[in-house]
Amino acid sequence: MPGQTPKELFSTYAKIIPDFAAFCRKLSDPLPVHLRINTLKGSATEVRLRLEKSGVFLVPEESVAMVFRADNVAQPGYLLEFSLGHLHAQALSSVLAGLVLAPRTGDLVLDLCAAPGSKTSLLAQLMRNRGLIVANDRSAKRLIPLHANLKRLGVTNTVTVRYPGQHFPKRYAFDRVLVDVPCSAEGTLRTGANGTLRQPAQPGKKLPGLQGDLLLRGFDLLKPGGSLVYSTCTYNPDENESVIQFLLENRPAKVQPITLEVPHSPGLNQWKETTYASSIKQCWRIYPHQLDTVGFFLAKVRREF
Ligand SMILES: C[S@@+](CC[C@H](N)C(=O)[O-])C[C@H]1O[C@@H](n2cnc3c(N)ncnc32)[C@H](O)[C@@H]1O
């Protein structure tokens, strides 16, 4: 409904979000602009010095070394350093997904829902353009910005393909798989410059089914011993913990602890009538009043055999 306050919009979650009042207050702050320095093209020191000469000062984010807050930059896309591929505008929580997946330089990596490529290009950065990433997205339209971003950011270890991810062919097995699914995107709803809360799109009733199918296929494409990250930018447990529970009930999957030093809350134990496996507490919920970024959910899963 148009014009809803944060408290009205998220009332269903009042009991599961810690310090719900602080959460609602935080949604009235505009989302900060975060920039990731692309070390495939140069060092963070060089880029920061160049930006400072044009009056742009980047503030390091304590918890994530390659991410900076740009308080006086409304439209990073207009910076020369952006066009040259030295920077990418990316939410702090989105960067965490790549850091948790932690691909190694020689890995074969699948990014199942990749467009427009913020996380694919981060994975390439972490792999120093070595190994191979297969970046998949079912949307032909969204492959255009994916290609543009990979080119601008100097990514050379990635091929792109277009399959419905839930039917991705089982021809190869991957060391790492990222399943960054389409979701209701509730975590992105913060006030804009005009001071009003962005309102959600109509929630897709079919999303959890699609998310579960994407996760199962992503898991089936892992090598034994390989690991996967499942992520969303929503608070809805039906799209988060319930999807991980579905995986645990259907595959030999083990939820892994996430070892970064970043403020977060644990995965839920219970939602409505459902009690989740206790290992799901190791998943992360990122809330804007705990970490000033887009609300997010992260699960790291290992394939046992
Ligand atoms: C959350 S966005 C991905 C964002 C991307 N990982 C990034 O960091 O830039 C979800 C993506 O899933 C894609 N998608 C939707 N349904 C899909 C499906 N069945 N198979 C594969 N991709 C799908 C959408 O086109 C969209 O680009």
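The values are calculated or read from the model by the stated rules, or taken from the named source; none is laboratory data. These numbers were taken from a predicted model, which means no experiment stands behind them. With ideal geometry, Cβ positions are generated from the backbone for all residues, glycine too; neighbour counts draw on all protein chains shown. When the accessible area is computed, the model is the full protein with side chains, heavy atoms only, and any ligands, DNA or RNA have been set aside. Shrake-Rupley method; radii C 1.70, N 1.55, O 1.52, S 1.80 Å.
In whole percent, what relative contact order does the chain give with Cα contacts below 8 Å and a gap of six or more residues?
It comes to 18 percent, rounded to a whole number.
Among Thr45, Pro257, Thr293, flag the residue with its Cα farthest along the positive direction of the charge dipole of the chain, charges on Cβ as +1 for Lys/Arg and -1 for Asp/Glu.
Among Thr45, Pro257, Thr293, the one farthest towards the positive end of the dipole of the chain is Thr45.
Measure out, as a whole number of angstrom, how far apart the alpha-carbon centroids of the stretch 235-298 and the stretch 9-27 sit.
17 Å
Accessible area per residue for the chain in Å², computed with a 1.4 Å probe and the full protein assembly in place, what is it?
Per-residue value: 46 Å².
With a cut-off of at most 12 other beta carbons within 10 Å, and DSSP calling the residue loop, which trypsin sites (Lys or Arg not before Pro) in the stretch 111-149 qualify? Please list them.
Sparse-neighbourhood loop trypsin sites (Lys or Arg not before Pro): Arg128.
Would you calculate a helix-derived [θ] at 222 nm for the chain, using -39,500 (n - 2.57) for each DSSP H run of n ≥ 4 and dividing by the full residue count, to the nearest 500?
About -7500 deg cm²/dmol.
Hey, if we sort Arg251, Arg50 by accessible area with the 1.4 Å probe, largest down, what's the order?
Arg50, Arg251
Note the full-extension length gain between Glu261 and Lys281 as 0.36 nm times their separation in residues minus their Cα-Cα distance, in nm to one decimal.
Stretched out fully, the Glu261 to Lys281 stretch lengthens by 5.6 nm.
Largest first, how would Glu239, Glu62 line up by accessible area (1.4 Å probe)?
Final ranking, largest accessible area leading: Glu62, Glu239.
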